[in-house]
Structure formats: C-alpha cells, structure tokens
1. Counting only other residues whose beta carbon sits under 14 Å from that of ARG5, what net charge do I get with K and R as +1, D and E as -1?
2. Identify all lysines with a Cα-Cα distance to LYS16 below 18 Å; exclude those on the same chain that are fewer than 8 residues away in sequence.
3. Can you put VAL44, VAL98 in order, fewest other beta carbons within 10 Å first?
4. Given Cα pairs under 8 Å that are at least 6 residues apart, what percent is the relative contact order of the range 26-92?
5. Using DSSP to define loop residues, name the trypsin sites (Lys or Arg not before Pro) in the range 191-257 whose beta-carbon has at most 10 other beta-carbon atoms within 10 Å.
6. Given an 8 Å cut-off on Cα distances and at least 6 residues of separation, report the relative contact order of the range 8-220 as a percent.
7. Along the Cα→Cβ direction, 7 angstrom out, place labels at GLU246 and GLU187. What is the inter-label distance in nm?
8. Using the Cα centre as the reference, give the magnitude of the dipole from point charges on the C-beta atoms of the chain (Lys, Arg: +1; Asp, Glu: -1; all else neutral), rounded to the nearest 20 debye.
Amino acid sequence: MPTSRVTPEQLRSWPKGQTLLALTAYDYPLARILDEAGVDLIHVGDSLGMVVLGMADTTGVMMADMVRATQAVARGRTRAMISADLPIGTYDTAKDCVKSSKILLEAGADAVKPEGGKESQPQWEALQKAGIPWIGHLGMLPQKVREEGGYKRKGKTVEEVDRMKADARAMEKAGACAIVLELLTPEAGSEVTATLNIPTIGIGAGKGTTGQIRVTYDLLGLTPWNRPGFVKEDLGFAQQIRKMVEGIKRSGRGELG
C-alpha cells in the first residue's frame, strides 16, 4: 500500500494481487476518517443524490452538488486518491466532458468518472488528449436507470460479456486508469478483469475484480431503507442513532452528553 498520496499513475499500474479499496465520501469528516484509516481511493459519487439528498436515483444530481462535495472531501484527505463522478448531462459531448472535468479537478478531484461504453469513446479520447485522468464505468449504469427500468445485473450472455471486454480494452487504450464494474455476474467481472492490464474496481461484480468499492453509508447502515443486496451486513448506525435519541427522551431531561 503506498505511503505517499496515491496518484492516477499508481492506480493505473496497480498490481492485481495487491489490495485496492475504494469507498465513497461526500463530506470532510468521513473523508478524513477514511483517509486516515488507509483507504486507497475516495470516490465522490453521484450516489450522494440518494444517500445524502434523498433523491430517488442519481439523475437529479447537479454539477454544483458534485463540486461542493468534492471540495469538502479534498479538505479531509492526505493520502488517498480522489475520483469524482461527472453528473448526468454534463458530458454529452467531448467538449462538455473536458470542460466539466476541469471543474471537478479544480474542486480537488484527481480523476473523473464518466459512465458508459463505446458510445462515450469521443469523450474518453478528449480526456486523454487534454491530459485529464479518468476512470471508466461499465455494467449497470446508474445514470441510465430510468431508461432501463431499474437496476439490472449485466453480463448474463456471452455477447454482452464480449461487448464489455471490447469496451474495457478500448477504455484502457484511451488512457483510463481503472474501470468500475457494477452489478456484473461474478463470471463476467472476472473475465473483463482478466482481459486488462489496468485494475478493475467491482461493486456487486464478484470477487474476481482487482479491488472493490462500496457506498460507505451502506456499510455504516445509515440508509437501512435502501440497502443493496450485495451488502450482507452493516454497522447498524441508524439503529444506534435511534436508541440514542430514545434514551435521551426517556431520561426526561434532554441531556445530550
């Protein structure tokens, strides 16, 4: 595990046998705690729309939301690399992609993450030409959840796996420093990973990826009403908070500490 700040260049050449842990953060305290605990990559995800802002999905997240969260996370990190999602509608063209990415880099991100396969290749190539580090995202694409009618597992057919492998190789060629694989069958996750030299970061994609990423709020148990199936257990923070509040109320004195 690197002792100095993790860079996009280090991520791109990450050894497949070495632990790679990525977690999300959207604010200063959580980012600082994760950084000090040794997380390699802190991802400022547009999942903040759901777990912080109470939206139904990520499609309502604006660039202003991502900028403020990225700035907060950057203040809390010392060692970890920071990546940030490009919110929906901000990278529809190659020109927009570069412009939006520069905004997130200025806010403190080390790399940006657009979603999508070959249809996004002009955007990847524009990022490469501009020298902007980026991470790919294949499999289930949260920004397309409304188009697809839900969160559906990918990689169930040979054709779909072959398409993702081709997309992943194109991403690597276009300079991606890693690829997130979301909600793939375990077999597909392993196959895509095996075809690459750059690392893959899985979320609900089995154990065959180079590393793993999780939404930290899911692991803490702060959103028990919406826990993904691949999170088998959490720390139960929601229940602990409820018990704390109930205990204060029962005391009849409103003592807080």
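None of the figures in this text is laboratory data; all of them are computed from the coordinates on show. Note that the structure is predicted; figures quoted are calculated from it, not measured. Cβ sites come from the backbone with ideal geometry, for glycine too, and all protein chains shown count toward neighbours.
1. Here the count lands on -3.
2. LYS16 reaches LYS165, LYS207.
3. By the 10 Å Cβ count, ascending, the order reads VAL98, VAL44.
4. 48 percent
5. Of the trypsin sites (Lys or Arg not before Pro), the ones in loops of the range 191-257 whose Cβ has at most 10 other Cβ atoms within 10 Å are LYS207, LYS232, ARG253.
6. Rounded, it is 21 percent for the range 8-220.
7. Spacing of the two 7 Å Cα→Cβ label points: 4.6 nm.
8. Computed charge dipole of the chain: roughly 460 debye.
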